Amino acid sequence: WNKAGIRISSSGGLSTGFEARVCLACSPAPCAAACPTGALSQRKGGGVIQKKNLCIRCGECAKACPVDAIFLDHEVNPYVCIHCGQCVAFCPHDCLEMVELPEKESIEGGSND
């Protein structure tokens, strides 16, 4: 499974812009909780890790995703963004970028010590 886990679509043409559907790295991840076989497991810091050999292609993960960011191909293989950043280099309009987010504690005013 080497397909992109991000989908870009037009929200009405070039004048109105584009929309990216990508995993928001939920924590806890509802898609992982919905997976009956453990093919998706929670990743530290948010998002999921895929164990493709455990996937039974039931589609429960896609149904559970709150932002419709899991895509099922014609063979019902699930694709989800793993936040690798490979798409950034291929965007023809320089619309994508990878940024490092601050840790959750520092967002909430806590300490990282």
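The values are calculated or read from the model by the stated rules, or taken from the named source; none is laboratory data. Remember, predicted model here, so these are calculated numbers, not experimental data. Every residue, glycine as well, gets a Cβ built from its backbone with ideal geometry; the counts of neighbours run over all protein chains shown.
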Give region 32-47 a look and list any residue that's surrounded by 13 or more Cβ atoms within 10 Å (Cβ to Cβ) and charged (D, E, K, R), or say none. 43
Which of the residues spanning region 25-34 are modelled with pLDDT of 95 or more and assigned to a loop (DSSP other than H, G, I, E, B)? none
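Residue by residue, here is whether (1) at pLDDT below 80; (2) part of a loop (DSSP other than H, G, I, E, B); (3) surrounded by 13 or more Cβ atoms within 10 Å (Cβ to Cβ); (4) touching a Ser or Thr at 6+ places or on another chain (Cβ under 9 Å) holds:
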site: 49; (1), (2), (3), (4): no, no, yes, yes
site: 61; (1), (2), (3), (4): no, no, yes, no
site: 69; (1), (2), (3), (4): no, yes, yes, no
site: 75; (1), (2), (3), (4): yes, yes, no, no
site: 84; (1), (2), (3), (4): yes, yes, no, no
site: 89; (1), (2), (3), (4): no, no, no, no
site: 98; (1), (2), (3), (4): yes, yes, no, no
